[in-house]
Amino acid sequence: MASHFPQAEVIEASLALAAERGGDLTPHVYARLFAAQPEVAPLFGKDVNDSVKGEMLAQVFDTIFDFIGPRVYADHLMRSHSISHDAYNVPPAVFLSFFTVVAETVAEVIGPEWHSEMAAAWQALLAEIAQTLAPA
């Protein structure tokens, strides 16, 4: 896969390792999100079997892979989802923070195998996503 993101392989490796160590990251990610931002938890009140949360997280992972890879759609999808989430009273800053929650969860699940190269790659990714979502 052609990449526009220099640390794509590091991000991919960290996500693969997190999946290997933690399995389905959905409960981990949303527990961290709700602890950091409890005001969003009620938005998932009808998601009793976590299918909406799982689908949203899967879409985030797909978007990350496109963003660090060919960038066919990720930029536009993140912008449009940021706008559509605003209709659910999820401000753009909270939408953006979800990517940080994912990064923090990946680091936590990987544990001692998380290293400075992974941390730097995720920081660069989060900065680039923030720039993409910044108002024009």
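The values are calculated or read from the model by the stated rules, or taken from the named source; none is laboratory data. Note that the structure is predicted; figures quoted are calculated from it, not measured. For neighbour counting, all protein chains shown are included, and Cβ atoms are generated from backbone atoms with ideal geometry for every residue, glycine included.
Structure values in brief
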item	result
Unmet criterion (only one of (1) under 27 Å from P91 (Cβ atoms); (2) of a type in the set (A, V, I, L, M, F, W, C); (3) in contact (Cβ under 8 Å) with a residue 24 or more places away in the chain) for V10	(1)
Qualifying positions in segment 98-136 - charged (D, E, K, R) and in contact with a Leu (Cβ under 7 Å, 6 or more places away or on another chain)	E113
Residues satisfying the stated conditions in segment 55-80, i.e. within 12 Å of the chain's Cα centre (by Cα), of a type outside the set (A, V, I, L, M, F, W, C) and surrounded by 14 or more Cβ atoms within 10 Å (Cβ to Cβ)	T63
Complete set of residues in segment 90-122 that are of a type outside the set (A, V, I, L, M, F, W, C) and either in contact (Cβ under 8 Å) with a residue 12 or more places away in the chain or closer than 17 Å to R21 by Cα (or both)	P92, S97, T100, E104, T105, E108, G111, P112, E113, H115, E117
Helices (runs of 4 or more DSSP H) wholly inside segment 1-97 that include at least 2 residues being modelled with pLDDT of 95 or more	8-22, 26-36, 51-68
Check on I110, surrounded by 15 or more Cβ atoms within 10 Å (Cβ to Cβ) and in a helix (DSSP H, G or I)	yes
Filter pass, V48 being among the aliphatic types (A, V, I, L, M) and surrounded by 12 or more Cβ atoms within 10 Å (Cβ to Cβ)	no
Residue that is surrounded by the most Cβ atoms within 10 Å (Cβ to Cβ), among those in segment 14-33 that are free of Cβ contacts under 8 Å to residues at least 60 places away in the same chain and not polar (S, T, N, Q)	Y30
